[in-house]
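Below: the structure, in structure tokens.
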């Protein structure tokens, strides 16, 4: 009778050990997947959506400042009396910010959340390219054209803000989940150590 009981105990021990291994394996795999997801979210925020969001905010603030200074609600039409100031703001503030955003989009397109390039990003790059031709004319003293022939994409600002907010929320969720898991593991090990000491 005793050997049979020992055999059952041995089998139970093996089953429990294997079950513990499976739980640990599944838990570690899940955490590794979450860590990979967090790395990707961080990269998207650090190299694409974060800089794009900051440059877009700065551009919007500068644009509203100029409109307020001129007592206007929109930049166009740019009158003859406003040309000098418009050219100054475009060449020293708006175009440098546009160049930063264009570079982010072109060089980090692989970090875009969507499977396909959003149309508003393509429209923005096209808008900037159109302005480069206008600025080149200004450099030659030709001010007949004052704006890009390709208009500003209205969806661009909303897309950047929405994507940035969604990624920040995802980052917070992943960090909290990982921190909670680490805290629980630490607490369990600590409790186990205290129990052994007793």
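The values are calculated or read from the model by the stated rules, or taken from the named source; none is laboratory data. Predicted model, so just to flag it, every value in this text is computed and none were measured. Using ideal geometry, Cβ is built from the backbone for each residue, glycine included, and neighbour counts are taken over all protein chains shown.
When you check residue 138 against the structure, is it at pLDDT 95 or above, over 31 Å from the mean Cα position of the chain (by Cα) and surrounded by 15 or more Cβ atoms within 10 Å (Cβ to Cβ), yes or no?
The answer is yes for residue 138.
Answer yes if at least one residue in segment 118-132 is modelled with pLDDT of 95 or more, assigned to a loop (DSSP other than H, G, I, E, B) and surrounded by 11 or more Cβ atoms within 10 Å (Cβ to Cβ), and no otherwise.
Looking for residues that are modelled with pLDDT of 95 or more, assigned to a loop (DSSP other than H, G, I, E, B) and surrounded by 11 or more Cβ atoms within 10 Å (Cβ to Cβ), one finds at least one in segment 118-132, hence yes.
Within segment 71-98, how many residues turn out to be surrounded by fewer than 16 Cβ atoms within 10 Å (Cβ to Cβ) and under 27 Å from residue 43 (Cα atoms)?
1
So for segment 40-53 (the condition being in contact (Cβ under 8 Å) with a residue 40 or more places away in the chain, more than 12 Å from the chain's Cα centre (by Cα) and under 24 Å from residue 169 (Cα atoms)), does at least one residue qualify? Give the derivation first.
Taking segment 40-53 and keeping what is in contact (Cβ under 8 Å) with a residue 40 or more places away in the chain, we get 41-45, 47-53.
Adding the requirement that they be more than 12 Å from the chain's Cα centre (by Cα) leaves none.
No - not one qualifying residue is present in segment 40-53.
Out of 64, 101, which single residue is within 26 Å of residue 162 (Cα to Cα), surrounded by fewer than 13 Cβ atoms within 10 Å (Cβ to Cβ) and modelled with pLDDT of 95 or more? Give the derivation first.
On the way: 101 fails: surrounded by fewer than 13 Cβ atoms within 10 Å (Cβ to Cβ).
Answer to the check: 64.
From the residues in segment 142-158 that are crowded, with 19+ Cβ neighbours inside 10 Å and in contact (Cβ under 8 Å) with a residue 24 or more places away in the chain, which one is nearest to residue 105 (Cα to Cα)?
Applying the filter and picking the extreme gives 156.
This table checks each residue for (1) more than 14 Å from residue 51 (Cβ to Cβ); (2) in contact (Cβ under 8 Å) with a residue 24 or more places away in the chain; (3) within 26 Å of the chain's Cα centre (by Cα).
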{"residue": "68", "(1), (2), (3)": "yes, no, no"}
{"residue": "82", "(1), (2), (3)": "yes, no, no"}
{"residue": "105", "(1), (2), (3)": "no, yes, yes"}
{"residue": "119", "(1), (2), (3)": "yes, yes, yes"}
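Give the residues of segment 159-174 that are under 28 Å from residue 76 (Cβ atoms) and free of Cβ contacts under 8 Å to residues at least 24 places away in the same chain, sorted by residue number.
Hit for segment 159-174 is 162, nothing else.
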